[in-house]
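The values are calculated or read from the model by the stated rules, or taken from the named source; none is laboratory data. Model, not experiment: these values are computed from the prediction. No Cβ is skipped: glycine too gets one built from the backbone with ideal geometry, and neighbour counts run over all protein chains shown.
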Amino acid sequence: MLFEKNSRIVFAGDSVTDVGRDYHAIPAGWGSFGDGYVSQINSLLTAVYPDKEIMVVNKGVSGDNIALMANRWDNDVLAMEPDYVSIMIGVNDVWRFFDAPFQQLQAPNIVSQDLYEKTYRELIAKTQPSVKQMMIMSPFMIEPNRQDPMRHMVDAYRRIAERLARENHLIYVDVQAAVDHFLTQQSSYILTSDRVHPNVQGHMLVARTWLQTLGFDWERSTFDDH
């Protein structure tokens, strides 16, 4: 697996990353992980790689789009002095086009594809020199119909994230591909009630995809000091 002993991983994103974390908790302490994929990843890293003593920090904030996340980046992410940063952002950037047409005051929070790409590029350029690696997780929607207007737009933002990951030699975690694979067998209602926020099973799918991409050894039975 990629991570060295005492690695520090910061996860940044929106509500799919946040999932009820305690904002006042000590980083990597009780209540700090939330109830989603970040907590599941932390639990599996702790259980299978106890000798690595990996620190997982959840800095997801519900409601964030990429512009809001960028505003808090220095204090919430870089201040943690991470070795690795994992980002999943974009679904709210899309969702506001669909759920806020009657909320004129939301207009400044509308993030175009051009602004999404520009802001993402700036975050990568700011972060990459000070970390060992970054992981770009695809924004995703738990919707099998790729012609659905919102799913179609999520795919456009997802392609931007993937392209930026490839251009900057970052690790790309294709969550949407894993979701689409699942949806060939089961309904979206098994993973979500609103096509955006995963339930426990949905978060496990996200966690498993991230861990597999990072080379997690599910059969590991010996430690590095033995």
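Name the single residue that is nearest to the chain's Cα centre (by Cα) among those in the stretch 183-226 being closer than 22 Å to residue 144 by Cβ and charged (D, E, K, R). By that ranking, first place goes to 208. When we screen 195, 208 for residues that are of a type in the set (D, E, K, R), surrounded by 14 or more Cβ atoms within 10 Å (Cβ to Cβ), at pLDDT 95 or above and at positive phi, the only hit is 195. Taking residues in the stretch 158-181 that are over 14 Å from residue 140 (Cβ atoms) and in a helix (DSSP H, G or I), and partners anywhere that are among the charged types (D, E, K, R) and modelled with pLDDT under 95, not one pair has Cβ atoms closer than 7 Å while being at least 6 places apart or on different chains.
Of the residues making up the stretch 1-31, those that are small (Gly, Ala, Ser) and under 13 Å from residue 61 (Cβ atoms) are 12, 13, 15, 20. Residues in the stretch 125-157 that are assigned to a helix (DSSP H, G or I) and touching a strand residue (DSSP E or B) at 6+ places or on another chain (Cβ under 7 Å) were compared, and the one that is surrounded by the most Cβ atoms within 10 Å (Cβ to Cβ) is 127. Within the stretch 5-55, the set of residues being part of a loop (DSSP other than H, G, I, E, B), farther than 21 Å from residue 221 by Cα and among the hydrophobic types (A, V, I, L, M, F, W, C) comprises 19, 25, 26, 28, 30, 33. Within the stretch 109-146, the set of residues being without any contact (Cβ under 8 Å) to a residue 24 or more places away in the chain and farther than 16 Å from residue 179 by Cα comprises 110, 112, 114, 118, 125, 129.
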